[in-house]
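The values are calculated or read from the model by the stated rules, or taken from the named source; none is laboratory data. This one's a predicted model, so the numbers in the text were calculated from it and none came from an experiment. Don't worry about glycine lacking a Cβ; one is built from the backbone with ideal geometry, like all the others, and counts go over all protein chains shown.
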Ligand SMILES: Nc1nc2c(c(=O)[nH]1)N[C@H]1C(S)=C(S)[C@@H](COP(=O)(O)OP(=O)(O)OC[C@H]3O[C@@H](n4cnc5c(=O)[nH]c(N)nc54)[C@H](O)[C@@H]3O)O[C@H]1N2
Ligand SMILES: Nc1nc2c(c(=O)[nH]1)N[C@H]1C(S)=C(S)[C@@H](COP(=O)(O)OP(=O)(O)OC[C@H]3O[C@@H](n4cnc5c(=O)[nH]c(N)nc54)[C@H](O)[C@@H]3O)O[C@H]1N2
Ligand SMILES: [Mo]
């Protein structure tokens with residue numbers, strides 16, 4: 001492709017200067033501590049930095065705005081990890097973006113800057129508006145901003161022409177009020193980041209075990225014999241999980257890692273919270289690494305299970321938990337039949353894993369009295385994402401590994417409150433039971449038609465069926481698939497509203513008019529008429545607990561997320577509303593009382609959440625009670641997915657580097673993988689590089705072709721990496737432009753961000 005033909009990249013990066021070194025073989029240790037201190041100091045200064053970090057994840061402090069990994073009951077002095085510290089430092093930065101900044105820099109000027117640069121400018125301080133045809137944002141009062149939203153919403157032909165997105169950092173209180181406002185307004189158009197994340201887990205698990213959440217608690221890691229970590233990179237994305245894995249390994253558990261990449265965190269770990277963790281060579285973690293092909297997991301799991309079945313046939317009664325299978329499950333015969341008819345050739349070919357290795361994995365599962373399977377985006381973001389999760393459940397059910405201590409399913413959630421947001425009603429497909437409870441509690445008629453999820457919201461905006469977009473957090477432009485499509489979708493709106501803490505590219509690609517509404521972050525004091533407030537969140541294991549910020553807000557003009565929602569609701573619904581919005585904001589206990597009225601499991605919410613460590617929500621599957629339509633856990637049968645790759649084509653996964661939180665880029669380095677000063681890179685197997693006549697460091701354009709449309713991500717550099725043949729890895733969000741809007745998982749509609757067929761076009 002020539003210089004003129006290549007499109008402007010919609011995701012921008014700073015000047016890059018790629019350096020490649022060997023990937024690290026141990027996670028944590030001194031480099032992690034050093035990186036933590038550097039980030040904290042740079043953003044917050046020495047004293048504020050240290051003080052803030054010591055409040056992180058404390059019983060009376062604030063919940064880490066990073067991932068959703070749970071906190072142990074016994075907290076360390078420094079109960080945080082390198083990447084949690086980066087997320088906190090990023091929010092608690094002392095830098096600010098004041099109105100003058102946005103009045104000076106035009107939107108097209110800012111479009112030329114990288115996402116990392118935009119984020120690094122600091123915290124947003126004032127509500128800002130971009131008026132029609134204007135090239136700039138300018139300051140606006142809160143009242144005028146709310147009126148503008150109300151005018152646009154009321155002018156719609158139907159409430160279904162508005163989209164209300166949520167990102168998973170939002171608290172239970174803000175999320176509950178938000179869905180209440182949206183449903184009283186009259187729509188279920190509540191897409192959220194979960195649609196792009198663990199939706200496949202939710203859909204998959206609900207069907208076969210009756211709850212859409214994981215079934216293990218942190219203490220189960222101390223009692224388990226084997227842990228399978230599948231399609232997850234905890235050393236980077238859930239570093240506090242490393243302490244749990246380390247403890248499990250020390251207690252004798254065997255850890256198996258299934259991943260196309262030999263991720264550093266899964267081989268060895270030096271716990272920076274232990275004195276001994278700073279020296280020595282670290283604790284060896286995974287004893288078996290299966291370098292599966294991208295999307296080879298169905299084949300691999302079938303292989304492990306086929307091996308178990310054959311073993312059971314050789315020594316009946318010794319391998320499977322037949323009693324559990326007979327009494328608590330259905331569908332075993334069809335499932336076993338399918339395994340018998342799946343050939344070993346097909347399994348080995350599709351998974352890329354040899355029989356011997358499969359046998360080793362099966363032996364570990366057979367020897368384990370108690371087994372846990374953990375997974376994340378490596379399983380959910382495929383067209384067969386739901387099938388992937390249900391194969392994991394099949395694997396667990398064979399040994400009766402759900403519903404007893406030390407065993408179970410562990411989808412490791414991403415955003416710190418993504419699970420809580422769904423629990424309190426952020427869902428485009430609410431149940432009738434939930435809507436009935438809203439109606440009986442509040443006395444308004446709840447909309448019954450299901451709303452748009454993320455993919456379908458984008459399509460509706462693009463086609464003109466939706467005209468107003470409101471984002472409660474997040475970065476809808478850069479996190480969604482098909483960036484050019486998303487940009488057009490946003491530009492097609494009459495009004496786009498972003499409730500945000502930091503500047504991102506989503507603020508630059510707007511509807512006819514746009515608002516930025518700046519809000520308080522987790523780390524900050526939330527003072528309301530009724531005094532100082534706290535909020536609550538639910539972690540990956542269903543524990544609901546408090547989070548109370550301690551820092552003075554970044555600006556006097558910030559409102560809390562609940563207050564912003566109430567402001568929009570008051571202005572839009574006015575006196576017709578059945579809900580006393582302003583009273584609820586004065587004291588968040590009153591919001592929690594309403595959550596308790598509407599949602600089961602929150603009994604004595606205000607009392608129980610004040611107890612140190614919070615409380616666990618009910619989870620029938622964890623107790624061995626499967627509330628599916630048939631009342632038992634289900635074995636299911638899924639085909640092995642096929643990817644026909646022509647010459648010159650590769651199957652690409654888009655993954656996170658060590659120095660980003662989703663679309664927020666901290667630096668252009670990926671320390672564990674040995675990649676420095678560059679994000680526009682494509683990792684390939686060295687033999688593939690050679691075969692294709694490419695060279696390391698060579699610039700290439702990445703091209704995907706689906707349904708006759710060619711999508712181009714320009715100007716990437718080739719990096720040789722230890723990974724299966726014919727696979728490619730790029731970073732999210734740089735490569736999102738290649739993910740077609742119509743490539744998403746069956747039934748969960750999660751974009752297939754981990755299996756996109758691409759070609760490489762060398763740049764002359
Ligand atoms: N520091 C930090 N922490 C985070 C985040 C962050 O961006 N930065 N994001 C948060 C969020 S929202 C989420 S959802 C989680 C994400 O946490 P992860 O799911 O760990 O994140 P990804 O980088 O998407 O990594 C997916 C992993 O799956 C592997 N993989 C890809 N395709 C396949 C496949 O087909 N099969 C198998 N077996 N493996 C595969 C990749 O090699 C990679 O190791 O992390 C959360 N925590
Ligand atoms: N290709 C590809 N695409 C992906 C993924 C992938 O692996 N590959 N992963 C997907 C996944 S798992 C997820 S979860 C989504 C993430 O999608 P999002 O949740 O939409 O994206 P984030 O990058 O987490 O959002 C960052 C922005 O949130 C705002 N923010 C930060 N803290 C707060 C807060 O406390 N309150 C408010 N109101 N705003 C705040 C800041 O302005 C910041 O710029 O991306 C998805 N997209
Ligand atoms: Mo996520």
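Take region 597-610 and flag every residue that is farther than 14 Å from residue 537 by Cα, under 28 Å from the mean Cα position of the chain (by Cα) and not in a loop (DSSP other than H, G, I, E, B). The answer is 598, and nothing else.
Here is a check on your reading of the model: is residue 667 within 16 Å of ligand 1 (Cβ to nearest atom) and farther than 22 Å from residue 379 by Cα? Criteria met by residue 667. Where helices (runs of 4 or more DSSP H) fall entirely within region 221-332, those with at least 3 residues that are surrounded by fewer than 23 Cβ atoms within 10 Å (Cβ to Cβ) and over 21 Å from the mean Cα position of the chain (by Cα) are at 239-250, 297-314, 322-328. Among the residues of region 564-578, none qualifies, meaning not one is touching a helix residue (DSSP H, G or I) at 6+ places or on another chain (Cβ under 9 Å) and more than 30 Å from residue 159 (Cα to Cα). If you go through region 95-111 one residue at a time, do you hit one that is closer than 29 Å to residue 539 by Cα, touching a strand residue (DSSP E or B) at 6+ places or on another chain (Cβ under 9 Å) and outside any loop (DSSP other than H, G, I, E, B)? No, region 95-111 contains no residue that is closer than 29 Å to residue 539 by Cα, touching a strand residue (DSSP E or B) at 6+ places or on another chain (Cβ under 9 Å) and outside any loop (DSSP other than H, G, I, E, B). Filtering region 112-149 to residues that are under 27 Å from the mean Cα position of the chain (by Cα), outside any strand (DSSP E or B) and on the phi < 0 side of the Ramachandran plot leaves 113, 114, 115, 116, 117, 118, 119, 120, 121, 125.
Does residue 201 fit the bill of being outside any loop (DSSP other than H, G, I, E, B), over 23 Å from residue 406 (Cβ atoms), within 15 Å of ligand 1 (Cβ to nearest atom) and in contact with a helix residue (DSSP H, G or I) (Cβ under 7 Å, 6 or more places away or on another chain)? Answer is no for this residue.
Considering region 349-359 alone, what residues qualify as being part of a helix (DSSP H, G or I) and surrounded by fewer than 18 Cβ atoms within 10 Å (Cβ to Cβ)? Result: 349, 355, 356, 359.
Identification of strands (runs of 3 or more DSSP E) wholly contained in region 491-532 with 1 or more residues that are in contact (Cβ under 8 Å) with a residue 40 or more places away in the chain and more than 22 Å from residue 417 (Cβ to Cβ) yields 495-500, 513-518.
Residues that are within 16 Å of ligand 2 (Cβ to nearest atom) and modelled with pLDDT of 95 or more do not occur anywhere in region 330-351. Could you go through region 207-220 and let me know if any residue there is surrounded by 24 or more Cβ atoms within 10 Å (Cβ to Cβ) and assigned to a helix (DSSP H, G or I). Checked region 207-220: at least one residue is surrounded by 24 or more Cβ atoms within 10 Å (Cβ to Cβ) and assigned to a helix (DSSP H, G or I). Of the residues making up region 141-168, those that are within 16 Å of ligand 2 (Cβ to nearest atom) and closer than 13 Å to residue 513 by Cβ are 145, 149. Exactly one residue out of 389, 402 is within 16 Å of ligand 3 (Cβ to nearest atom) and either in contact (Cβ under 8 Å) with a residue 40 or more places away in the chain or in a loop (DSSP other than H, G, I, E, B) (or both): that is 389. Counting only residues that are away from ligand 2 (no atom under 16 Å from the Cβ) and assigned to a helix (DSSP H, G or I), which one in region 366-385 is surrounded by the most Cβ atoms within 10 Å (Cβ to Cβ)? Applying the filter and picking the extreme gives 366. Within region 753-761, does at least one residue satisfy the condition of being touching a residue at least 12 places away in the same chain (Cβ under 8 Å) and either within 16 Å of ligand 3 (Cβ to nearest atom) or out of contact with any strand residue (DSSP E or B) (no Cβ under 6 Å at 6 or more places or on another chain) (or both)? Yes. Among all residues of region 176-198, there is at least one that is away from ligand 3 (no atom under 16 Å from the Cβ), in the same structural domain as residue 512 (by TED's automatic domain parsing) and on the phi > 0 side of the Ramachandran plot.
Table: residues versus (1) within 25 Å of residue 169 (Cα to Cα); (2) part of a helix (DSSP H, G or I); (3) in the same structural domain as residue 661 (by TED's automatic domain parsing); (4) free of Cβ contacts under 8 Å to residues at least 60 places away in the same chain.
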residue: 32; (1), (2), (3), (4): yes, yes, no, no
residue: 37; (1), (2), (3), (4): yes, yes, no, yes
residue: 48; (1), (2), (3), (4): yes, yes, no, no
residue: 53; (1), (2), (3), (4): yes, yes, no, yes
residue: 70; (1), (2), (3), (4): yes, no, no, no
residue: 75; (1), (2), (3), (4): yes, no, no, yes
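The one condition from (1) surrounded by fewer than 20 Cβ atoms within 10 Å (Cβ to Cβ); (2) within 16 Å of ligand 3 (Cβ to nearest atom); (3) more than 29 Å from residue 121 (Cβ to Cβ) that residue 656 does not meet is (3). Considering 734, 690, 710, 696, the condition of being modelled with pLDDT of 95 or more and within 16 Å of ligand 1 (Cβ to nearest atom) is satisfied by 734 alone. Does residue 394 fit the bill of being buried (at least 23 other Cβ atoms within 10 Å of the Cβ), in the same structural domain as residue 295 (by TED's automatic domain parsing), within 12 Å of ligand 1 (Cβ to nearest atom) and part of a helix (DSSP H, G or I)? Here the answer is no, as residue 394 does not meet what is asked.
For (1) in contact with a strand residue (DSSP E or B) (Cβ under 9 Å, 6 or more places away or on another chain); (2) touching a residue at least 60 places away in the same chain (Cβ under 8 Å); (3) assigned to a helix (DSSP H, G or I); (4) within 16 Å of ligand 1 (Cβ to nearest atom), each residue gets a yes or a no:
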residue: 428; (1), (2), (3), (4): yes, yes, no, no
residue: 434; (1), (2), (3), (4): no, yes, yes, no
residue: 440; (1), (2), (3), (4): no, no, yes, no
residue: 444; (1), (2), (3), (4): no, yes, no, no
residue: 447; (1), (2), (3), (4): no, yes, no, no
residue: 452; (1), (2), (3), (4): yes, yes, no, no
residue: 459; (1), (2), (3), (4): no, yes, yes, no
residue: 471; (1), (2), (3), (4): yes, yes, no, yes
residue: 474; (1), (2), (3), (4): yes, yes, no, yes
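A count restricted to region 726-764 and to residues that are closer than 23 Å to residue 646 by Cβ and in a loop (DSSP other than H, G, I, E, B) stands at 13. Note on region 54-70: among residues that are over 18 Å from the mean Cα position of the chain (by Cα) and buried (at least 23 other Cβ atoms within 10 Å of the Cβ), the one that is modelled with the highest pLDDT is 62.
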